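Structure below; questions to follow.
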Amino acid sequence: MFGRSDPEQVAAIGFSAGSNSGVRELLRSETDREALSMVASIDGLHAALANESLHKADDPTSYFLDWKGQIAPFAEYALRAARGQCSMVITGNNLAEPAPGLTRTPFAMRKLFEWVEKQPGIEGYDAETTRAFADLGPPLPLHIFGAGKLYCFAYSGTRKEDHIAQANIIVPRVLRHVLLPLWTGKAEA
């Protein structure tokens with residue numbers, strides 16, 4: 001018989017649709033959100049786009065049909081990570097057509113980060129900080145941005161094989177270079 005378990009640290013890692021639906025559902029709940037010490041959304045941050053006539057350059061939320069339902073759960077956790085209260089990794093590539101009417105992951109990730117940056121007290125990484133991630137090895141991200149303990153990696157690639165590589169290559173890197181140091185206090189040897 002199993003007894004009650006009260007883990008000190010809990011991580012949620014989702015790839016593709018598992019991130020877009022499963023992780024999002026966890027993040028909708030304040031109780032679940034508070035219990036998570038780390039979230040990784042691996043090439044799965046997709047959302048329905050709003051009509052272009054509604055886009056406002058100074059309002060990242062205006063680009064999405066349903067910011068509150070689709071992106072806000074991730075954005076609120078990302079803000080906590082940017083403030084150092086937890087850790088979050090978001091990755092994505094430019095899969096040509098994730099589905100009709102949906103954003104490509106790097107676009108949604110960039111707009112989410114723009115929203116985070118607009119919040120009081122948030123400063124993005126400087127050049128030195130982003131250079132430190134260059135040792136992750138190939139494939140190297142095209143763009144790295146973030147703040148605090150929020151790490152965003154945009155990769156090249158428009159084919160389904162590039163999407164699958166996110167699971168085969170990037171997930172182990174997230175475990176090794178982010179989750180392991182977070183939980184053990186030691187970087188990978």
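Would you mind calculating the gained length between R28 and I169 on full extension (0.36 nm times residue separation, minus the Cα-Cα distance), in nm to one decimal?
Details: separation 141, 0.36 × 141 = 50.76 nm, distance 2.80 nm.
Stretched fully, the R28-I169 segment lengthens by 48.0 nm.
May I ask you to derive the FRET efficiency for K68 and V10 from their Cβ-Cβ distance with R0 = 35 Å, giving the value to the nearest 0.05?
0.90
Express in % the proportion of alpha carbon pairs of segment 21-122 at distances exceeding 20 Å.
Considering segment 21-122, 35 percent of its Cα-Cα pairs are separated by more than 20 Å.
How much FRET efficiency would the formula 1/(1 + (r/R0)^6) give for W183 and L54, where r is the Cβ-Cβ distance and R0 is 41 Å, rounded to 0.05? Show your work: numbers first, answer last.
Numbers: r = 42 Å, r/R0 = 1.02.
After rounding to 0.05, the efficiency reads 0.45.
At 222 nm, what value in deg cm²/dmol follows for the chain if DSSP H runs of at least 4 each add -39500 (n - 2.57) and the sum is divided by all its residues, to the nearest 500?
Working: 8 runs with 55 residues, N = 189.
Value at 222 nm, helices only, nearest 500: -7000 deg cm²/dmol.
If you don't mind, another one. Which of the peptides 165-171, 43-49 is most tightly packed, and how do the rest follow, judged by the mean count of other Cβ atoms within 10 Å per residue? List each step's numbers first, then the result.
Values: 165-171: 17.1, 43-49: 23.9.
Per-residue Cβ counts within 10 Å, averaged per peptide and sorted highest first, yield 43-49, 165-171.
Sticking with this one: For percent of Cα pairs over 24 Å apart, pick the label among (1) 52; (2) 39; (3) 36 that corresponds to the value derived from the coordinates.
Answer by label: (3).
A 22 angstrom limit on the alpha carbon distance is what I want to check against. Which of K111/K149; K118/K186; K118/K149; K118/K160; K56/K118; K68/K160 exceed it? Can you show the working numbers first?
On the way: K111/K149 18 Å; K118/K186 32 Å; K118/K149 16 Å; K118/K160 33 Å; K56/K118 14 Å; K68/K160 29 Å.
Result: K118/K186; K118/K160; K68/K160 exceed 22 Å.
Turning to a different aspect of this structure: Of all DSSP beta bridges located in segment 11-184, what percent are antiparallel, nearest 5?
35
Arranged from highest to lowest average of other beta-carbon atoms within 10 Å per residue, in what order do the peptides 103-110, 176-183, 56-63 appear? Let's see the in-between values first.
Details: 103-110: 23.5, 176-183: 15.6, 56-63: 14.0.
Ranked from most to least packed, the peptides come out as 103-110, 176-183, 56-63.
Place the peptides 153-161, 26-34 in order of packing, highest mean first, counting for every residue the other Cβ atoms within 10 Å and averaging per peptide. Don't skip to the end; give the middle numbers.
Working: 153-161: 16.1, 26-34: 13.8.
The densest-packed peptide leads the list: 153-161, 26-34.
Report relative contact order for the chain in percent, whole number only (criteria: Cα-Cα under 8 Å, sequence separation at least 6).
Values: 306 pairs, mean separation 38.7, N = 189.
For the chain, the relative contact order is 21 percent.
Coordinate-derived values only; no laboratory data. Note that the coordinates shown come from a computational prediction; the quantities given were computed from them, not determined experimentally. Neighbour counts run over all protein chains shown; Cβ positions are idealised from the backbone, glycine included.
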